[in-house]
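Just so it is clear, none of the values below were taken in a lab; they were calculated from the coordinates. Given the structure is predicted, the values throughout are model-derived calculations rather than measurements. Quick reminder, even Gly has a Cβ in these numbers, built from the backbone with ideal geometry, and neighbours come from all protein chains shown.
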Amino acid sequence: MEKEKDKKPDQKSDKTEEDNSNKKEFSPEEKIKDLEDKLARAYAEMENQRRRFEKEKEDAFEYGGFSFAREALNLIDNLERSKVSLESDNDLKDTEALKKILEHINIINKDMVSILKKNNIEPIKSINEKLNPNIHQAMMEIEDNNKEVGTIVQEIQKGFMMKDRLLRPSLVGVSTKSKKTDEQAKKDQENKEKKDKN
């Protein structure tokens, strides 16, 4: 038992001697360089955090109302739906009451769009534009041989941008070539060739 106790303290003292021998003694110049390096890193990290904070603050100021603006677009949609519903009501068609109601709905709609514009929220131009998947969402294809393929010919729901950010994409219908006309064109060409042979 005594021998074991004696060995343990000797082992510990050997380890501390090894640890001390492994530790390098830095000169004052090396210590200063190490501290300067640590200080430069800390300063760079503080500067990065300051920039991140400034960017977050700027974004919060610029786009703070983003969620609210997206929700407000539902009001414009509901006004449009109300207008369509009233216009298609057989009892109200061609009445003075309908004309007045539609007039008021148009005034409210224009006021809302004006308020959005003052807050840098602009509607996306869609009709007769080429489909841009970054701001448009194609919901259907519509046969139209007068338009280039991929041209927007119908707007189902108006999209909006808030400055340079997409608030909501435009839901659109895009043109496609009619398959029937291609087949008809082939038949016409064949008929023409037959006539030319005769």
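Observations on the model:
- When the C-alpha to C-alpha distance is required to be over 28 Å, the pairs from Lys118/Lys158; Lys93/Lys158; Lys57/Lys118; Lys33/Lys57 that qualify are Lys33/Lys57.
- Burial order of peptide ranges 81-94, 125-138, 146-159 (average beta-carbon count within 10 Å, highest first): 146-159, 125-138, 81-94
- Calculated FRET efficiency for the pair Ser88/Asp164, C-beta based, R₀ 45 Å, to 0.05: 0.75
- Equivalent ellipsoid semi-axes, segment 67-198, via Cα gyration tensor eigenvalues times 5, rooted, Å: 41, 23, 10
- Fully extending the segment from Asn109 to Ile142 would add 9.1 nm, taking 0.36 nm per residue of separation and subtracting the current Cα-Cα distance.
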